[in-house]
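Each reported figure results from applying straightforward, stated rules to the coordinates on display, with no laboratory input. What you see is a predicted model, and the numbers here were worked out from it, not measured in a lab. No Cβ is skipped: glycine too gets one built from the backbone with ideal geometry, and neighbour counts run over all protein chains shown.
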Amino acid sequence: MKNIIIYLFCSFFLNCDNKKESQYLEIYYMGPNISTPYSYSCSEIYEDKSKEKINYKKIDDQQQVKTFMNLFNQYQISNDSSGIDSRIKILIYNKSKIDTLCLGEYFNTYRNGIKVEDNKQLLNFVKEIIDYENTVPAFVKKHPERYKNK
């Protein structure tokens, strides 16, 4: 009986999640300077939509996530009502909650569907960690034979 109690006690504490849950980011993005016939909503910048145009990168380096979160938490609601032509969509996995951040290529930002003041520092940080300026468009990656030098 004593062994059973010790076993249950150890099992309980070993199975409990006492550590902090890790945060990570999923970033879906178009390459730079891509012209499109219409503006993309945030929901269209996703892996399943427009597969020929969307790139993906997962960020789980905790230092990068911490830097991102510090900038992300500085957003203030905007009085501007302009729409967005989304180019970057970020899903922020934080404990049991998922936040969404949508960015235009140079301006216009939406956090969880609400327009917020632009944060150039965060936009530049995101572009840096995904190497945005050197991104080969997804459609070129998927069909390199079409774009070889002849």
log₁₀ of I(q)/I(0) at q = 0.14, 0.15, 0.16 Å⁻¹ - region 30-100, Debye sum with one point per alpha carbon: -0.58, -0.66, -0.75
Whole-number D in µm² s⁻¹ for region 20-147, Kirkwood Cα-pair radius fed into Stokes-Einstein, 4 °C, 1.567 mPa s: 86 µm²/s
Asn134 paired with Gln62, simple spin-label distance in nm, labels 7 Å along Cα-to-beta-carbon: 2.8 nm
Computed over region 81-120, Kirkwood Rh from alpha-carbon pairs, angstrom: 10.5 Å
Separation in nanometres of the label points that stand 7 Å from Cα toward Cβ, at Ser41 and Glu117: 2.8 nm
